[in-house]
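Working notes, structure below.
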C-alpha cells in the first residue's frame, strides 16, 4: 500500500507479564511520525547532534544521557531538530498499577462469566475507567495480590482475591459494588483456566500476557483513528516480543474491515487501512529510533521527578514537553471552548491522581496553570 509517513517508535519500562515493578512503575510507547521526503533531513540532523557526544559515550542511549546535564541538552537539541524537520511526536503512557486495576475490571466484570454485568459495559470506556478507579482507590495490597495471582494464572488465588475485594467493599459501605463482584465467583476459576489454555496454545507465539502487548497494539488503532496519513511502522528491535507484535498486527490488518463505535465516541478497527506495515530496526543503525528513545527517556525522567515533587531541570522539561505536551494541550483545548481543537498526539492510561500530578506539574512548568 502506498504510504507517505513512517512512525519510528520505541518503548520504555517493559516488564513483560510482571505487571508491577517498584523500580519501573510506568510503561510508555512512543516515537515520531516522519514524512518520507523529510526523513533524510531528520536522520542527518540527529546524527550531526549526536556527533558532539560521540567521543564521550560509546553507546548513545536515553538512559545513559539522563546521567549528565550534557546528555539532557543533547536530548533537547535532538527533539527540537526532529520537530523542525517535520517530526510529529506520539506517546502512549501507562501507569502500571492502574493497568492492573483495569485488568481486575476485565476479569471480574467480563459479562461472559459474570451475569451481573451488562454486556454493553465492554464498549463503555468511561464506565470501565470509573470501575478501575474504584479498585485503585482501595488498599494496594489487594492490587498486588491480584497482579501476582493473575501473572501465574493461579485460578484459586484469583478467586480468593475476588473474595477479599468483596469483603473490602462490603466493609466500607460499597455493598452494591461488592455484589457485582460476587456475580463472577461461580465462574472465575473457569475464566482463568480458559485464559491459561488460550495463552499456552502452541499455535500462538509467547507473550500474549505481557503488559506491552495491548499498548503496542494500540499504535495500530491510534493510526487508524487519528492519523491523517497512511503509515509504515518501524519499531526498535525487541527479540522477546517481535513475533507476537507481528502476529497481532497481521491479525488486525488481515481481518475483514469493520468499525465498532464505543460509547465515548472512540472507535475500534479491524482490517487496517492506514497502518500499512510493521517492521523492526536496530537503534544503533537507525537514528530516528534513537530519537524516539531520547524523547521517551525525557518523559520518563520528568514523570519520576513530578511524582516525587522534585525540581525539574529546564532541558528535561523541554524534552518531556515534546510528547507529554501533546496530551496536555489536547486536554486544555477540550476544557476551554475558546481554544482551537488540538490534534490527538497521544494517550494516557492512569489513575486520576497520577494524571493530575504529572500533567498538573507540566502545566505549572510551562506556565499555563
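The values are calculated or read from the model by the stated rules, or taken from the named source; none is laboratory data. Bear in mind that the values here come from a model prediction, so they are computed numbers and not experimental data. Ideal geometry is used to build each Cβ from the backbone, glycine not excepted, and the neighbour counts take in all protein chains shown.
Values for this structure:
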item	result
Unmet criterion (only one of (1) surrounded by fewer than 18 Cβ atoms within 10 Å (Cβ to Cβ); (2) under 28 Å from residue 49 (Cβ atoms)) for residue 338	(2)
Residue under evaluation residue 304, criteria (1) without any contact (Cβ under 8 Å) to a residue 12 or more places away in the chain; (2) touching a strand residue (DSSP E or B) at 6+ places or on another chain (Cβ under 6 Å); (3) in a helix (DSSP H, G or I), criterion not met	(2)
When residues of segment 109-121 are limited to those that are in a helix (DSSP H, G or I) and touching a residue at least 12 places away in the same chain (Cβ under 8 Å), the one surrounded by the most Cβ atoms within 10 Å (Cβ to Cβ)	121
Matching helices (runs of 4 or more DSSP H) fully within segment 32-108 where at least 3 residues are under 29 Å from residue 359 (Cβ atoms) and either in contact with a strand residue (DSSP E or B) (Cβ under 7 Å, 6 or more places away or on another chain) or not assigned by TED's automatic domain parsing to the domain that holds residue 214 (or both)	96-108
Residues of segment 309-345 that turn out to be at pLDDT 95 or above and not in a helix (DSSP H, G or I), as a count	5
Residue in segment 283-291 that is over 30 Å from residue 71 (Cα atoms) and either surrounded by 19 or more Cβ atoms within 10 Å (Cβ to Cβ) or at pLDDT below 95 (or both) present	no
Lone unmet requirement of (1) in contact with a helix residue (DSSP H, G or I) (Cβ under 6 Å, 6 or more places away or on another chain); (2) farther than 24 Å from residue 222 by Cα; (3) surrounded by fewer than 14 Cβ atoms within 10 Å (Cβ to Cβ) for residue 315	(3)
Answer residue from segment 254-279, given it is surrounded by 18 or more Cβ atoms within 10 Å (Cβ to Cβ) and under 23 Å from residue 210 (Cβ atoms) and is modelled with the lowest pLDDT among those	269
Positions within segment 234-245 being over 17 Å from residue 292 (Cβ atoms) and either in contact with a strand residue (DSSP E or B) (Cβ under 6 Å, 6 or more places away or on another chain) or crowded, with 20+ Cβ neighbours inside 10 Å (or both), in sequence order	244
